[in-house]
Amino acid sequence: MPTDMRIEPLALNATLAVALERISTATLTTVLLKKGLRNVWMRGTRPLSTAAGRAVGRAFTLRFVPAREDLATPESWSSPISTRAAIEAMPPGCIAVVDAMGVTDAGIFGDILCARMARRGVGALVTDGVVRDLAGVLGTGLPVWCQGAAAPPSVAGLTFVGWQEPVACGGWPCFPNDVIVADGDGAVVIPAALVDEIVAASIAQEDLEAWIMQEVEQGAALPGLYPPNAENKARFEQARAMAKDRAKK
């Protein structure tokens, strides 16, 4: 695919990145559901290690299709259209989102490729496929969300076809520069055009749920509290306003 057809990667606004660091994927899926987006959680994207923590960044997409014997060869790794070339185009802070079609018997990336991504400052790898060289990948320190590990190389089951184009990762379309948030519950896609609105609503949702948790810990019953009725909404808004006033002093 010609280079000029690829979408140029964008950096994530620092303020948005900081805000998203405190918002769980569970909250994001709830807020996105209220916007009518039901399938934003990418199936099969589980943290490869408990050390993965959290990842937030713009999506840099890569796409595989089923293996075709004349194309899926070890020689293809030296092609201008290869995973190696794609990695060199990844900007610092991006999240590499790889559509591997859910294939779990061919590892898309191994330790050397992940080490290069870590060296380039890539924020994380998120895929519905698997990696290979498991111990080596974990040793690179690159946070990875995937379906596990498999020894065979990618060309045993997949053909790499391009990057920075729309992909279908884990059953959900992801476009270049959508925002990815990944944590212990998996990875979620926020459409780029909705990021500001979703972040604001998610902060309010997390504040509400923190207040509800305090009420539960003090013995409050759930009916009328979760979700809150008009009376409890008013109590929450009053508590939130008081907290903001204290923060200003």
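The values are calculated or read from the model by the stated rules, or taken from the named source; none is laboratory data. Keep in mind that this is a model prediction, so the values were computed, not measured. FYI the Cβ positions are ideal-geometry reconstructions off the backbone, even for glycines, and counts take in every protein chain you see. To get the accessible areas, we keep the full protein, side chains included, count just its heavy atoms, and leave off ligands, DNA and RNA. Shrake-Rupley method; radii C 1.70, N 1.55, O 1.52, S 1.80 Å.
Can you pull out the residues in the range 152-173 that are out of contact with any Asp or Glu (no Cβ under 8 Å at 6 or more places or on another chain) and either among the charged types (D, E, K, R) or over 13 Å from ILE108 (Cβ atoms) (or both)? So that I can check it myself, show each step before the final result.
Looking only at the range 152-173, we keep the residues that are out of contact with any Asp or Glu (no Cβ under 8 Å at 6 or more places or on another chain), and these are 153-155, 158-163, 165-166, 172-173.
Once the filter is applied, which keeps residues that are out of contact with any Asp or Glu (no Cβ under 8 Å at 6 or more places or on another chain) and either among the charged types (D, E, K, R) or over 13 Å from ILE108 (Cβ atoms) (or both), the range 152-173 yields GLY162, GLU165, PRO166, TRP172, PRO173.
Go through the residues of the range 3-11 one by one and say whether even a single one is open to solvent by 10 Å² or more (accessible area, probe 1.4 Å), out of contact with any Ser or Thr (no Cβ under 6 Å at 6 or more places or on another chain) and over 19 Å from PRO166 (Cβ atoms). Full working, then the answer.
If we filter the range 3-11 for residues that are open to solvent by 10 Å² or more (accessible area, probe 1.4 Å), which is where we start, we get 3-11.
If we keep only those that are out of contact with any Ser or Thr (no Cβ under 6 Å at 6 or more places or on another chain) too, we end up with 3-11.
Checking the rest, the ones that are also over 19 Å from PRO166 (Cβ atoms) come to 11.
Yes - at least one qualifying residue is present in the range 3-11.
Can you tell me which residue in the range 21-35 is farthest from TYR226 (Cα to Cα), limited to those that are open to solvent by 60 Å² or more (accessible area, probe 1.4 Å) and assigned to a loop (DSSP other than H, G, I, E, B)?
Here is the first cut: in the range 21-35, the residues open to solvent by 60 Å² or more (accessible area, probe 1.4 Å) are 21-22, 33-35.
After this cut, where a residue has to be assigned to a loop (DSSP other than H, G, I, E, B) as well, the list is 21-22, 35.
Numbers: GLU21: 24, ARG22: 21, LYS35: 19 Å.
Taking the candidates together, the pick is GLU21.
Which residues, taken from the range 69-109, are modelled with pLDDT of 95 or more, among the small types (Gly, Ala, Ser) and open to solvent by 10 Å² or more (accessible area, probe 1.4 Å)? Quick ask: steps written out before the conclusion?
Residues of the range 69-109 modelled with pLDDT of 95 or more: 82-109.
Of the ones still in play, those that are also among the small types (Gly, Ala, Ser) are 82, 85-86, 89, 93, 96, 100, 102, 106-107.
The answer is ALA85, ALA89, GLY93, GLY102.
Any idea how many residues of the range 2-26 are of a type in the set (Val, Ile, Thr) and either at pLDDT below 95 or over 14 Å from the mean Cα position of the chain (by Cα) (or both)?
4
If I ask for residues that are in contact with a Pro (Cβ under 7 Å, 6 or more places away or on another chain) and under 20 Å from VAL167 (Cα atoms), which ones from the range 124-140 would you list? Explain how you work it out, then say what you get.
Residues of the range 124-140 in contact with a Pro (Cβ under 7 Å, 6 or more places away or on another chain): 124, 132.
Selection gives ALA124 alone.
Please go through the range 204-228 and pick out each residue that is in a helix (DSSP H, G or I) and either more than 15 Å from THR29 (Cβ to Cβ) or free of Cβ contacts under 8 Å to residues at least 12 places away in the same chain (or both). Lay out the reasoning, then the answer.
Restricting attention to the range 204-228, the residues satisfying the condition of being in a helix (DSSP H, G or I) are 204-217.
Listed by number, the residues that qualify are ALA204, ASP207, LEU208, ALA210, TRP211, ILE212, MET213, GLN214, GLU215, VAL216, GLU217.
Look at the range 65-105 and say how many of its residues are free of Cβ contacts under 8 Å to residues at least 24 places away in the same chain and polar (S, T, N, Q).
2
Pick out the one residue from TRP172, TRP163 that is modelled with pLDDT of 95 or more, under 30 Å from PRO74 (Cα atoms) and surrounded by 13 or more Cβ atoms within 10 Å (Cβ to Cβ). So that I can check it myself, show each step before the final result.
Values: TRP172 fails: modelled with pLDDT of 95 or more.
When all the criteria are applied, what remains is TRP163.
Of the conditions (1) under 21 Å from ALA19 (Cα atoms); (2) charged (D, E, K, R); (3) surrounded by 17 or more Cβ atoms within 10 Å (Cβ to Cβ), ARG246 fails just one. Which one is it?
Single failed check for ARG246: (3).
Exactly one condition in (1) in a loop (DSSP other than H, G, I, E, B); (2) touching a helix residue (DSSP H, G or I) at 6+ places or on another chain (Cβ under 9 Å); (3) crowded, with 20+ Cβ neighbours inside 10 Å is false for GLY57; which is it?
So GLY57 meets the others, but not (1).
Could you check, for the range 100-117, whether at least one of its residues is in a helix (DSSP H, G or I) and touching a Leu at 6+ places or on another chain (Cβ under 7 Å)? Working first, answer last.
Keep residues of the range 100-117 that are in a helix (DSSP H, G or I), which gives 111-117.
Keeping just the survivors that are touching a Leu at 6+ places or on another chain (Cβ under 7 Å) gives 114, 117.
Yes.
If I ask for residues that are within 27 Å of GLU75 (Cβ to Cβ) and part of a strand (DSSP E or B), which ones from the range 119-131 would you list? Give the derivation first.
Step one: list which residues in the range 119-131 are within 27 Å of GLU75 (Cβ to Cβ), which gives 119-120, 122, 125, 127-131.
Those that are within 27 Å of GLU75 (Cβ to Cβ) and part of a strand (DSSP E or B): LEU125, THR127, VAL130, VAL131.
For the structure I just gave you, tell me whether GLN205 is surrounded by 13 or more Cβ atoms within 10 Å (Cβ to Cβ) and touching a Pro at 6+ places or on another chain (Cβ under 8 Å). Steps first, answer last, please.
Details: surrounded by 13 or more Cβ atoms within 10 Å (Cβ to Cβ): yes; touching a Pro at 6+ places or on another chain (Cβ under 8 Å): no.
Spelling it out, it is not the case that GLN205 is surrounded by 13 or more Cβ atoms within 10 Å (Cβ to Cβ) and touching a Pro at 6+ places or on another chain (Cβ under 8 Å).
Under the condition of being part of a loop (DSSP other than H, G, I, E, B) and not charged (D, E, K, R), which residue from the range 161-181 is farthest from GLU69 (Cα to Cα)?
So the first thing to find is which residues in the range 161-181 are part of a loop (DSSP other than H, G, I, E, B), and the list is 164-166, 170-171, 175-178.
Applying the additional criterion that residues be not charged (D, E, K, R) yields 164, 166, 170-171, 175-177.
On the way: GLN164: 24, PRO166: 24, GLY170: 25, GLY171: 26, PHE175: 28, PRO176: 28, ASN177: 32 Å.
Once the filter is applied, the top-ranked residue is ASN177.
Select from the range 132-160 the residues that are outside any helix (DSSP H, G or I), more than 21 Å from the chain's Cα centre (by Cα) and loosely packed, with under 15 Cβ neighbours inside 10 Å and list them in ascending order. Outline the logic, then answer.
Start the filter on the range 132-160 by keeping residues that are outside any helix (DSSP H, G or I), which leaves 132-133, 141-153, 157-160.
If we keep only those that are more than 21 Å from the chain's Cα centre (by Cα) as well, we get 133, 150-153, 157-159.
Within the range 132-160, ALA151, PRO152 meet the criteria.
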